[in-house]
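See structure below.
Throughout, read-outs are computed from the coordinates displayed, never taken from laboratory work. Computed from a prediction, not measured in an experiment: that's the story for all the values here. Note that each Cβ is placed from the backbone with ideal geometry, even for glycine, and that neighbours are counted across all protein chains shown.
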Amino acid sequence: MAILVDKNTKVLVQGITGHQGRYHTMAMKEFGTNVVAGVTPGKGGQKVEGVPVFNTVQEAVNETGANTSIVFVPAPFTMDAVLESIDAGIKLVVTITEHVPVHDAMKMISYAKMKGSRIIGPNCPGLASPGKAKVGILPNLIFKEGNVGVVSRSGTLTYEIVNSLTEAGIGQSTTVGIGGDPVIGSNFIEILDLFEKDPETEKIVMVGEIGGTAEEEAAEFIKEHVSKPVYAYIAGRTAPPGKRMGHAGAIVTRGRGTAESKIRALESAGVKVARIPTEIADMIKRD
Amino acid sequence: MKLYEYMAKEIFRKHGIPVPEGYVIENPEEIKPVHGEVVLKSQVLVGGRGKAGGIKFASSTEEARKIASELLGMDIKGYKVKKLLIEPKIEIQKEYYLSFIVDRSSREAMLIASAEGGVEIESVPDEKLFKRTINPLIGIQPNVIRALSYKLGLNKEQMKDITKIVYGLWSVFTQEDADLAEINPLVLTPDGFMAADAKLIINDDSLFRHADMEKVEEEYTPLERKARERGIAFVQLDGNIGVIANGAGLTMATLDVLSLHGGKAGTFLDLGGTDDPEKVKQAFEIIGEAPIDVVFLNIFGGITKCDTVAKGVVDAIKEKPLKVPIVARIKGVNEEEGKEILRKEGIGAFSTLEDAVKEAVKLAGGA
């Protein structure tokens, strides 16, 4: 089963002719993903890594039956690209682009909800179900098929943790990078809910960081609605207040969004919280 | 980008929100003849300036000049006062609060209002706040303003007056791409509502749409500014271990693990998802200028290849040698090649984060 992406996923790459789009089309194909189409306005008729390029998303959907889109389009044009996919009936839009204006993010997420589509990101590494499909920029070699679901606000830190799981012989059902921006299409709660309902997922790993209250809200949700064991790591225990730690969303302001508050909330919801990232693999192994 | 009060008020006025008729000065001689009473407001990007003595009243030209010369150059919570906003004193009948913010949880805008203005909104109990999420595609509707007005106990005349202001602030919030648009206090005067203060934070990722907006330099250290100009995410901290890692989450985690072993980070430098040798070189240039005793490099190679980063590091320090030792933790794609390249240059390279951290803390003079 896995969640969100699997063997039935047919991927369309928006911005396929750019450097990133081209490289990751190849990497996704190597992972075993069924990449069926690319879209770059004005470049219809070309091929990238053997994938046909179309001028519009609608045309690509009509010709190839694409049901999932990945967006590499530059930030000023990202909202337009996402809306084009939603209007063409795409149900999962994975937005890799960073620095998307926050009002654009709010609008496209609201529109997606209205139309019954789901957005992952923006500013995210995407998602991967090992042995099935990857829609994102996560490195191929770190994954192993299995039963642990991973949901994370971070990029490289997720790779580090997934890699340590794989090295410890623990495979993953799906890994979802939800993105580091303040406003994102899918949050911890929505992904936790999907993992809870997925028969293939037995345990859940959650990687959070300072800023906002998404982890605290997730803890409330876990207490009420998640029966599977959850393990967590929260980055930024030592981050000073008022300083933005790389991600737009990672900032402690007026005592809100601290690592301590998140760890306390998660622990009181029965979540096991690791002190260092690689400890999660040890904790899962012990249980 | 946080704007100064005088800039925010200028923008508010453009969107139809009444603000006092003021002017900005940079030295006391610019004070215009005072008729009645004026308020002199220090322009700094930090809250609580009133309590810190940054807002003063004057009732003569002479007094205003004297106060201006005291305020200009004054230090408020680490911020130096360079400009004053001079406004006529307004007759305040009551203070309210009004703002729009980006709400992370609902992923919509949020309208917050209260009949208790002029204080930090965090200190106002929830039952005294009017809060309503506003769908970004729908915008403000009359029913929301009616509900707000009843909650705030406004009469018919005041309701009409505040409607204009709520629409004006919504227009500021959306058209100027704000993270926050706040009026605190929104004051009731004999002539109706007026924004006595204005706070406006423009979304950094949207600045490209506001090329004509005056840029406000945040308070960075000279080194932070230099890094920023080069597009490197860099924060100066107060420890002595210079941390470079790839990815914001991993960099934060690195600081945490260092502290767990008694070390203290002096920098947060996120290389991002790149192994571009030019970027690596710039990162080492920045870190070379930081007051640190050891550089700690933590790379997880996924898309980024460990050996490419290692080569970049070696090239960087060959061109401009560092005065302090480097400890590296290299993991992921081509890690063996990467470690070999670094070891040839006498750089300690480890696979596990904990081993590397222990070595770095030792070289930095222990816990």
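Determine the calculated [θ] at 222 nm for the protein assembly as shown from helices alone, applying -39500 (n - 2.57) to every DSSP H run no shorter than 4 residues and normalising by the residue count; nearest 500 deg cm²/dmol.
Values: 19 runs with 220 residues, N = 654.
For the protein assembly as shown, the value works out to -10500 deg cm²/dmol.
Annotation note: GluC sites (Glu not before Pro) in segment B:46-91 located in DSSP loop regions with a Cβ neighbour count of at most 11 within 10 Å are B:GLU91. Relative to the longest principal axis of the Cα atoms of chain A, the long axis of helix A:156-167 lies at roughly 80 degrees.
Over 26 Å between Cα atoms: which of B:LYS14/B:LYS215; A:LYS107/A:LYS203; B:LYS82/B:LYS320; B:LYS215/B:LYS305 fall into that group?
On the way: B:LYS14/B:LYS215 18 Å; A:LYS107/A:LYS203 34 Å; B:LYS82/B:LYS320 38 Å; B:LYS215/B:LYS305 37 Å.
The answer is A:LYS107/A:LYS203; B:LYS82/B:LYS320; B:LYS215/B:LYS305.
Any idea what angle helix A:259-268 forms with the longest principal axis of chain A, computed on alpha-carbon atoms, 0 to 90 degrees, nearest 10? So the helix axis and the longest Cα principal axis differ by about 80 degrees. The relative contact order of chain B, computed from alpha carbon pairs under 8 Å that lie at least 6 residues apart in sequence, is 13 percent.
Compactness of segment A:129-191, taken as the C-alpha radius of gyration over 2.2 N^0.38 Å, stands at 1.07. Using the Karplus relation 6.51 cos²θ - 1.76 cosθ + 1.60 with θ = phi - 60°, the per-residue 3J(HN,Hα) values for segment B:313-325 come to 5, 4, 4, 4, 7, 6, 6, 9, x, 7, 8, 10, x Hz, with x marking Gly and Pro.
How high is the relative contact order of segment A:26-170, in percent, counting Cα pairs under 8 Å that sit 6 or more residues apart? Please report the intermediate quantities before stating the final value.
On the way: 233 pairs, mean separation 27.2, N = 145.
Relative contact order, segment A:26-170: 19 percent.
Straight-line cross-link partners of B:LYS89 among the lysines, defined as a Cα under 16 Å from its Cα and at least 8 positions apart when in the same chain: B:LYS9, B:LYS32, B:LYS41, B:LYS56. Measuring nothing but how far apart in sequence close Cα pairs (under 8 Å, 6+ apart) lie, relative to its length, chain A scores a relative contact order of 15 percent. Counting only residues at least eight positions apart within a chain, or on another chain, the aspartates and glutamates with an alpha carbon under 17 Å from that of B:LYS279 are B:GLU224, B:GLU229, B:ASP270, B:GLU289, B:ASP307, B:ASP315, B:GLU319.
Within 10 Å of each candidate Cβ there may be at most 15 other Cβ atoms; applying that plus a DSSP loop requirement, which trypsin sites (Lys or Arg not before Pro) in segment B:284-367 survive?
Numbers: sites: B:LYS305, B:LYS311, B:LYS318, B:LYS323, B:ARG329, B:LYS331, B:LYS339, B:ARG343, B:LYS344, B:LYS358, B:LYS362; in loops: B:LYS305, B:LYS323.
Those that pass, being in a loop and sparsely packed, are B:LYS323.
Taking a ≥ b ≥ c as the square roots of the eigenvalues of the Cα gyration tensor of segment B:13-100, is the shape rounded (a/c under 1.5), prolate (a/b larger than b/c) or oblate? Here segment B:13-100 falls in the oblate category.
Relative to the longest principal axis of the Cα atoms of chain A, helix A:188-197 runs at roughly 90 degrees. Excluding same-chain neighbours fewer than eight residues apart, the aspartates and glutamates reachable from B:LYS151 by a Cα-Cα span under 20 Å are B:GLU95, B:GLU116, B:GLU120, B:GLU122, B:ASP126, B:GLU127, B:ASP161, B:GLU182. Could you calculate the FRET efficiency of B:VAL124 with B:ILE92 from 1/(1 + (r/R0)^6), where r is the beta carbon distance between them and R0 is 22 Å, rounded to 0.05? The computed FRET efficiency comes out at 0.75.
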